[in-house]
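One structure below.
The values are calculated or read from the model by the stated rules, or taken from the named source; none is laboratory data. Because the structure is a prediction, the values reported are computed rather than measured. FYI the Cβ positions are ideal-geometry reconstructions off the backbone, even for glycines, and counts take in every protein chain you see. Ligands, DNA and RNA are stripped out before the accessible areas are found, and what is left, the full protein with its side chains, is counted by its heavy atoms. Shrake-Rupley method; radii C 1.70, N 1.55, O 1.52, S 1.80 Å.
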Amino acid sequence: MGLLTTEQVEEVRPEAEGAGEGVLDTLISRGDVMAESITTAKAAQAGAEVIELGAMRLEDSVIAAVPRNIVKRFNAVPVYATDDTITMAVSEPSDLELIDGLQVALGKQVEVRVASESEIEDAISRYYGQQRGDDSVSKMIQDITEGEVEIGTMGALAEDQGGEVEADAPIIKLVSQVIIDAYKSRASDIHLEPMADRFRVRYRIDGVLHEVDAPPKRLQGSVISRLKIQANMSISERRIPQDGRINTAVGEGKSIDLRVSCVPTTHGESIVMRILDKTGLRLGLAELGFFSDDQATFERLINLPDGILLVTGPTGSGKTTTLYSCLHFINRPDRKIITVEDPVEYQLDGINQVQVHEAVGLSFARALRAMLRQSPNIVMLGEIRDMETATIAINASLTGHLVFSTLHTNDAPSAVTRLVDIGIKPFLVASSTRAMMAQRLVRKLCKNCSAPYEPAPGELESIGVDPATVTNPNYTKGKGCAQCNNTGHRGRFGIFEVFVLDDDARKLVFDQVPSSVLRAKARELGMTTLREDGARKVIAGLTTTAEVLRVSVADDE
């Protein structure tokens, strides 16, 4: 590879022998060559693929397939497994004795991937460091199911003793590990769902649900009771929905908040936990997925002195992340920003956040009235839900405040119809609203395994693109790898349509024209629709046609 010369190697040989270490170790410690380069060279020599173990999350079923003693003896880590093959990460791919020894010990065909020695040691420590795989959900479930761990009935014990009993240690560990695994998998939600004959656990990763190993049905009550205790819910109340919050550790010095919802269903209580992760809230506008034209328009809008800017879309379309990113972008010492939210999910520095508390009479409307006496420059309202809230928000925009809020509508022009439907006079909507933006989330292509491909006939036409008119396309598709759990996708970004009202559009709003007419006007003014923005990002090689079709409808629909 041209990284070293023979003279450099021979020069350090006496030093390596004197220190009792390998020549490569000495070269690396002297800084003559990087460890990553050595790993790449070893892989090239053996014709094997290099993987980044540190960036991967290994499945519990894969870890359970290879015993701890074999991993320690051969200094190799399983990456994925099938019925007759196991893929192992090793640091010495040319060591045939090691490969043969693994095949004999495992009784299966072994495929080799290459990782640095330090990454393999870290992975062994992370996944096999504790005795008997205590950090594996699969092993915990297996031990409990096989009767190796004694457990009680947590719900019954808690009821008998007024809910003050300390939960069973195995259940505590199991519930904690489910949360930790979800966090490591980059999940946004954890779903625990009682079925007729089983207890299902699913993680929502990049907007798509994935089923994972679940405890047996007989542990359903204990697991749910443990979570309800953590979330300060009443475990004796099983007839009505409850909400709560959990703060739990997921590593050394790292803790996360979870918003917990419990709803009674036919076969037991269903729990959904939203993992509240602040990492996405300080994204720049480019990281949200804006192309340069929409980003320039949006930056101009959020720096206006007054008016209302509405972000629309269904639940889970990233509206909150977009609004928080806007606030972060415009948060300066010379501006006072106040938000009203239900609930306040993330605490932001330099911003005054008000939590709605209906039980004591602090509603959206009452909090918003009080906020306006605090002399803010910018107001963020979590959601416009009713006429009273909408009226106060519009009055705030007309008295010199910039107001951000969200609405649940399918596209940007429909936000006008929704406000009028709530009960706001059309002339107030026309005079106060600066712009409306609809958005959806699509999955990004995995950077590690994406490669150019040729779209099938009719594929581009399905999203409204004529291949003959496309110049310099970059059609890309993910093949699937360990880093993306063989999905071909890793992470998400937005597709947007931004409708900026001009005088002609305001007149149409005042005249209460149908949303279809308003949408036609928006297109005339240059609005890029959700489907068109998604198509642009397919052509740029950022996502796939399937993702755009999944979250948007055709413009003629």
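Counted by Cβ distance under 12 Å from Lys521, the other residues give a net charge of -1, where Lys and Arg count +1 and Asp and Glu count -1. For the pair Asn331 and Glu49, what calculated FRET efficiency results from E = 1/(1 + (r/R0)^6), where r is the Cβ-Cβ distance and R0 = 41 Å, to the nearest 0.05? Calculated value: 0.40.
Model label points for Val23 and Asn472, set 7 angstrom from Cα along the Cα-to-Cβ axis, are 4.8 nm apart. Multiplying the residue separation of Ser94 and Glu15 by 0.36 nm and subtracting their alpha-carbon distance yields 25.9 nm. Taken over segment 257-416, the percentage of Cα pairs per 5 Å bin, counting from 0 up to the bin with the maximum distance, is 1, 8, 16, 21, 21, 16, 9, 4, 2, 1, 0. Using R0 = 25 Å, the C-beta based FRET efficiency linking Lys173 and Val104 works out to 0.15. The angle separating the long axis of helix 220-230 from the principal Cα axis of greatest extent in the chain is about 60 degrees.
Averaged per residue, the chain has 48 square angstrom of accessible surface, using a 1.4 angstrom probe with ligands and nucleic acids left out. Calculate how steeply helix 530-539 sits against the longest principal axis of the alpha-carbon atoms of the chain, using the helix alpha-carbon long axis, and give the answer as 0 to 90 degrees to the nearest 10. Tilt relative to the chain: about 30 degrees.
Distance from the C-alpha centroid of segment 55-115 to that of segment 515-557: 46 Å, rounded to the whole angstrom.
Cys residues of the chain that find no other Cys beta carbon under 4.7 Å: Cys262, Cys326. Checking the a/c ratio against 1.5 first, then a/b against b/c, what shape does the Cα gyration tensor give for segment 60-131? Taking the square roots of the gyration eigenvalues as a ≥ b ≥ c, segment 60-131 is oblate.
Answer with a single label: of (i) 42, 33, 23; (ii) 50, 30, 19; (iii) 48, 34, 22, which was calculated as semi-axes √(5λ) of the Cα gyration tensor in Å from the structure in view? Recomputing semi-axes √(5λ) of the Cα gyration tensor in Å here gives the entry labelled (iii). A simple rule links phi to the HN-Hα coupling: the Karplus curve 6.51 cos²θ - 1.76 cosθ + 1.60 with θ = phi - 60°, which for segment 17-26 gives 5, x, 8, x, 10, x, 4, 4, 4, 5 Hz, with x for Gly and Pro. For segment 371-468, chymotrypsin sites (Phe, Trp or Tyr not before Pro) are listed when DSSP marks them as loop and at most 16 other Cβ atoms sit within 10 Å of their Cβ; the list is Tyr453.
For the listed residue pairs Lys447/Lys537; Lys228/Lys254; Lys173/Lys254, the alpha carbons are over 19 angstrom apart in Lys228/Lys254.
Solvent-accessible surface of protein heavy atoms, probed at 1.4 angstrom with all chains present, puts Lys72, Lys42, Lys537 in the order Lys72, Lys42, Lys537, largest first.
Can you give me the angle between helix 515-524 and the longest principal axis of the chain, using Cα atoms only, in degrees from 0 to 90, rounded to the nearest 10? Tilt of helix 515-524: around 70 degrees.
With all protein chains in place and a 1.4 Å probe, the accessible surface of the chain carries 48 percent carbon and sulfur.
Figure note: Glu59, Glu383 ranked by solvent-accessible area, largest first, 1.4 Å probe, ligands and nucleic acids not counted: Glu59, Glu383. Using only alpha-carbon positions in segment 7-117, the gyration tensor eigenvalues give semi-axes of 30, 14, 12 Å once each is multiplied by 5 and square-rooted (largest first).
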